[in-house]
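The values are calculated or read from the model by the stated rules, or taken from the named source; none is laboratory data. Predicted, not measured: the structure shown is a model, and the values here were computed from it. Using ideal geometry, Cβ is built from the backbone for each residue, glycine included, and neighbour counts are taken over all protein chains shown. The accessibility values were calculated without ligands, DNA or RNA, using every heavy atom of the protein model including side chains. Shrake-Rupley method; radii C 1.70, N 1.55, O 1.52, S 1.80 Å.
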Amino acid sequence: MVRIIMHGCNGHMGQVISQLVRDDKDAEIVAGIDIADTRDNGYPVFTDVEKCDVDADVIIDFSTAAAVDGILDYSVKRRLPIVLCTTGLSEEQLAKVEEAAKETAVLKSANMSMGINLLLKLLKDAARVLAPAGFDMEIVERHHRLKVDAPSGTALALADSLNEAMGNQYEYKFDRSQERKKREDLEIGISAVRGGTIVGDHEVIFAGPDEVIEFKHTAYSKAVFGKGAVQAAKFLKGKGAGRFDMSDVIADA
């Protein structure tokens, strides 16, 4: 049984994870932390992180960038492993994450979906075979109309996986509209689509001579990210200081 402190418990993902854990015999949320205690969650909620004195094994953070510094300080102070799911961190905060990992276990990934992280692993194998055989690599990502960043962090992580497999020799191409020339060999194109209520759709295309191979991941709800976070919390229980990501969870599965 892993005992979890849910940071950002009254936000959308905090509530998704709370429901998932209620149905999980191997996990329990023992406390929540949020700026407002507005719900009956079935566990105590603290509006001040420093007042949370409940014994736990792991923190799951799904909050805002503004709240990350405080929860990292709390995690380090209590030597409590943390699954850090909040995105949009500044360079200074990313550096703080690395410093925190010297004192406690920190798991952070661009995407918490188990499926996406398995895809990252598969893409490296595919790139090593297909890119030398003359296949061009392109990524198309689709998200809801309210998403403010483009391309998505997941699309960039997919591109990084392809690039790392090929020795980081590729450049990323985000916009071809200003150029009139043929495609370069060592480039990975990334296209972003925004519309409607699309949760998340990522397609990786290997386009070769006379054939095309496609890898695709579709998220139909945000629950996939919550499931990954809970799985990561189980993995992190009992871990000492260090920096982890979802690839470690996949390898341990």
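Taken along the Cα-to-beta-carbon direction at a fixed 7 Å, the label points for Asp210 and Ala133 span 1.3 nm. Pick from Thr38, Thr218, Thr86: which is most flexible by mean-square fluctuation in a GNM of the chain where alpha carbon atoms under 10 Å apart are linked? Top of the fluctuation ranking is Thr38. Each Lys or Arg adds one and each Asp or Glu subtracts one; over the other residues with Cβ under 15 Å from the Cβ of Lys96, this totals -4.
On the chain, 50 percent of the accessible area sits on carbon and sulfur atoms, based on a 1.4 Å probe. Quick one: pull the percentage of alpha-carbon pairs in segment 125-189 with a separation above 13 Å. In whole percent, the long-distance tail amounts to 65.
When you filter the trypsin sites (Lys or Arg not before Pro) in segment 40-148 for DSSP loop state and at most 12 other Cβ atoms inside 10 Å of their Cβ, you are left with Arg79, Lys102, Arg145. Name the shape class, rounded, prolate or oblate, that the alpha-carbon gyration tensor gives for segment 5-87, where a ≥ b ≥ c are the square roots of its eigenvalues, rounded holds for a/c under 1.5, and otherwise prolate holds if a/b is larger than b/c and oblate otherwise. Cα axes put segment 5-87 in the rounded bin. This model, with +1 at the C-beta of Lys and Arg and -1 at the C-beta of Asp and Glu, gives segment 1-100 a dipole about its Cα centre of some 180 debye. Counting charges near Ala207 (Lys, Arg +1; Asp, Glu -1) among other residues having Cβ under 15 Å from its Cβ returns a value of -4.
Placing +1 on each Lys and Arg Cβ and -1 on each Asp and Glu Cβ, with no other charges, gives the chain a dipole about its Cα centre of roughly 300 debye. In the chain, the longest principal axis of the Cα atoms and the axis of helix 153-165 are about 60 degrees apart. Just want to confirm a number: the relative contact order over segment 84-163, from Cα pairs under 8 angstrom separated by 6+ residues, in percent. Relative contact order for segment 84-163 comes out at 34 percent. When the charge dipole of segment 125-245 is built from unit charges on Cβ atoms (+1 for Lys and Arg, -1 for Asp and Glu) and taken about the Cα centre, the candidate among Asn163, Gly153, Leu130 whose Cα reaches farthest toward its positive end is Gly153.
Along each principal axis, taking the top coordinate minus the bottom one, the Cα set of segment 1-140 gives 58, 35, 26 Å in descending order.
In straight-distance terms, cross-link reach from Lys108 covers every one of the lysines whose alpha-carbon lies under 22 Å from its own, apart from those fewer than eight places away in the same chain; here that gives Lys77, Lys96, Lys121, Lys124, Lys147, Lys222, Lys227, Lys234, Lys237, Lys239. Longest stretch of the chain clear of exposed loop sites (GluC sites (Glu not before Pro), DSSP loop, at most 16 other Cβ atoms within 10 Å, sites excluded): 1-102. Where both bridge residues fall in segment 98-253, DSSP classifies roughly 55% of the beta bridges as antiparallel. If you take the Cα centroid of segment 96-111 and the Cα centroid of segment 185-253, the two points sit 19 Å apart. Here the alpha carbons of the chain define both size measures, Rg and Dmax, at 19.7, 63 Å. Working from the Cα coordinates of segment 89-198, the gyration tensor eigenvalues give, after taking √(5λ), semi-axes of 26, 20, 15 Å in decreasing order. For segment 198-240, the residue among Gly240, Gly200, His217 whose Cα projects farthest onto the positive side of the dipole built from Cβ charges is Gly240. For the chain, a Gaussian network of Cα nodes joined below 10 Å ranks Leu107, Leu118, Leu94 by mean-square fluctuation, and the top entry is Leu94. Over segment 119-253, what portion of Cα pair distances is larger than 20 Å, expressed as a whole percent? Summing the P(r) tail past 20 Å for segment 119-253 gives 53 percent. Loop-resident chymotrypsin sites (Phe, Trp or Tyr not before Pro) (DSSP state other than H, G, I, E or B) in segment 152-253 with no more than 14 further Cβ atoms inside 10 Å of their Cβ: Phe174, Tyr220. Accessible surface area normalised per residue over the chain is 51 Å², counting heavy atoms of protein chains with a 1.4 Å rolling probe.
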